[in-house]
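Attaching a single structure in structure tokens format; questions to follow.
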Amino acid sequence: MPYPYVLLSAAVSLDGCLDDTGPDRLLLSSPADFDRVDEVRASVDAILIGAGTIRADNPRLLVNDPGRRAARVAAGRPEYPLKVTVTATGDLDPDARFWHTGGGKVVYTTDAGAARIRGLGVAADVVSLGAVLDWPTLLRDLYEARGVGRLMVEGGGTVHTQLLQQGLADELQLVLAPLFVGDPKAPRLFGPGGYQAGRLRLVESRRIEDVVLMRYEPTAPGVDGSVSPADRHWLRIACELAADCPPSRTAFSVGAVVVAADGRELARGHSREAGDPVVHAEEAALAKIPADDPRLAAATVYTSLEPCTRRASRPHPCAELILRAGVRRVVTAWREPDTFVEAADGTGALREAGVSVVVLGAYEDLAKAPNGHLLS
């Protein structure tokens, strides 16, 4: 489903607190890190916070640097990102700075909350999500109706927790401040509950004055037909691997990655790898994994082009190799055209055999890129 890229941003104390319980907001970031946050804000299409953060911190959520705002305008974007808040009850203060600074605003709420908010007279679009808040519907509306490609989420802890637990966060930017709060009543970043399996991938760690920035991405694949942020990451890698294929006039360039349920990469491969002129990407990747590896049963195969069902070069097509390996989930970017095989339909063949196949068409152009000479 089409969602924005969701970036969670937070700063915490060494004991995991977002704030203390005093009347004033606890400043956890350093001046240089506040400037980094301003740079990130300038790069996104929208910034989201929960209604509790509006009540507790009364933030403005602005891009403060004039040069960054001017660059946005020069690029044909609004001077400020869209400001978004979420509330189930509609309990909002119409005098909060959120409403009176910056550019456009939108409130996502419930049917009951919408009636209350419209009576406040705030200058914002009010969108009801029905009887309860529904994050997938909210994200889809931001993407499809409001053109939000990148969404920065600045809190609070409940919002961050819900997005992570529902597998909707693409990235976590966490700043660790060198102090302790020590109050058991202080708000914490993440709450209890079930989170997606697997370790997050550390993509950057950086010292910024006396704080440390850590950037993480999820790695665990989705389950069955559901799509996780990690699915998009791994499929992009598969598509990029296709560019490593030696060019051919008689076969597609394809990349593949096999990933365990906990997010660990098991193997990767690409067409015509290691000088073999007829090896396919899925075949090359699966050949690197022992056939009795117990992780294969819960693994996902990511492939830029759907697995083949017929081939002249080898006796076993890739769809058959996937079934033999015991893999029950495939994510692909591109359905095979009739260039070499008519009505190949690897997706249909795998689904008939009980394999969950997810087609992420947003990556089709990336998968086609190294095959342009075959499609013109």
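Here are Leu138, Leu151: which of them is in contact with an Asp or Glu (Cβ under 9 Å, 6 or more places away or on another chain), buried (at least 17 other Cβ atoms within 10 Å of the Cβ), closer than 20 Å to Gly52 by Cα and modelled with pLDDT of 95 or more?
Leu151
For the structure I just gave you, tell me whether Arg236 is closer than 20 Å to Thr309 by Cα, modelled with pLDDT of 95 or more and crowded, with 16+ Cβ neighbours inside 10 Å.
For Arg236, the condition - closer than 20 Å to Thr309 by Cα, modelled with pLDDT of 95 or more and crowded, with 16+ Cβ neighbours inside 10 Å - is not met.
Among the listed residues Ala333, Ala343, identify the single one that is within 23 Å of the chain's Cα centre (by Cα) and either among the small types (Gly, Ala, Ser) or within 22 Å of Glu240 (Cβ to Cβ) (or both).
Checking each option against the conditions leaves just Ala333.
Return the residue satisfying two criteria in turn: it lies in region 354-376 and is buried (at least 20 other Cβ atoms within 10 Å of the Cβ) and not aliphatic (A, V, I, L, M), and of such residues it is farthest from Pro317 (Cα to Cα).
Selected residue: Tyr363.
From the residues in region 195-224 that are touching an Asp or Glu at 6+ places or on another chain (Cβ under 9 Å), hydrophobic (A, V, I, L, M, F, W, C) and assigned to a strand (DSSP E or B), which one is surrounded by the fewest Cβ atoms within 10 Å (Cβ to Cβ)?
Kept after step one, since they are touching an Asp or Glu at 6+ places or on another chain (Cβ under 9 Å), are these residues of region 195-224: 197-203, 208-209, 211, 213-222.
Add one more test, that the residue is hydrophobic (A, V, I, L, M, F, W, C), and what stays is 197, 200, 202-203, 208, 211, 213-214, 220.
Keeping just the survivors that are assigned to a strand (DSSP E or B) gives 202-203, 208, 211, 213-214.
Numbers: Leu202: 10, Val203: 12, Ile208: 16, Val211: 19, Leu213: 18, Met214: 15.
The extreme case among them is Leu202.
Same structure, new question: Which one of these is touching a residue at least 12 places away in the same chain (Cβ under 8 Å), out of contact with any Lys or Arg (no Cβ under 6 Å at 6 or more places or on another chain), over 18 Å from Ile47 (Cα atoms) and in a loop (DSSP other than H, G, I, E, B): Gly121, Gly103? Break it down stepwise before answering.
Numbers: Gly103 fails: over 18 Å from Ile47 (Cα atoms).
Answer to the selection: Gly121.
Name the single residue, out of those in region 1-52 being free of Cβ contacts under 8 Å to residues at least 24 places away in the same chain and under 26 Å from Gly67 (Cβ atoms), that is surrounded by the most Cβ atoms within 10 Å (Cβ to Cβ).
Of everything passing the filter in region 1-52, Phe34 is surrounded by the most Cβ atoms within 10 Å (Cβ to Cβ).
Say we look at region 124-146 and pick out the residues that are acidic (Asp, Glu) and in a helix (DSSP H, G or I); which of these is nearest to Val159 (Cα to Cα)?
Applying the filter and picking the extreme gives Asp141.
Now for a separate question. For residues that are surrounded by 15 or more Cβ atoms within 10 Å (Cβ to Cβ) and out of contact with any Lys or Arg (no Cβ under 9 Å at 6 or more places or on another chain), tally how many sit in region 266-275. Give the steps one after another, and end with the answer.
Filtering region 266-275 for residues surrounded by 15 or more Cβ atoms within 10 Å (Cβ to Cβ) gives 266-273.
After this cut, where a residue has to be out of contact with any Lys or Arg (no Cβ under 9 Å at 6 or more places or on another chain) as well, the list is 270-273.
Residues flagged as surrounded by 15 or more Cβ atoms within 10 Å (Cβ to Cβ) and out of contact with any Lys or Arg (no Cβ under 9 Å at 6 or more places or on another chain) within region 266-275 amount to 4.
For region 248-265: of the residues being assigned to a loop (DSSP other than H, G, I, E, B) and in contact with a strand residue (DSSP E or B) (Cβ under 7 Å, 6 or more places away or on another chain), which is surrounded by the most Cβ atoms within 10 Å (Cβ to Cβ)?
Residue satisfying both the conditions and the ranking: Val254.
Of all residues in region 328-353, how many are surrounded by 21 or more Cβ atoms within 10 Å (Cβ to Cβ), assigned to a loop (DSSP other than H, G, I, E, B) and touching a strand residue (DSSP E or B) at 6+ places or on another chain (Cβ under 9 Å)?
Number satisfying all stated conditions: 2.
Can you tell me which of Ala88, Ala71 is assigned by TED's automatic domain parsing to the domain that holds Ala56, touching a Ser or Thr at 6+ places or on another chain (Cβ under 8 Å), modelled with pLDDT of 95 or more and of a type in the set (Gly, Ala, Ser)?
Residue meeting the stated conditions: Ala88.
The values are calculated or read from the model by the stated rules, or taken from the named source; none is laboratory data. None of these values were measured; they are calculated from a predicted model. Ideal geometry is used to build each Cβ from the backbone, glycine not excepted, and the neighbour counts take in all protein chains shown.
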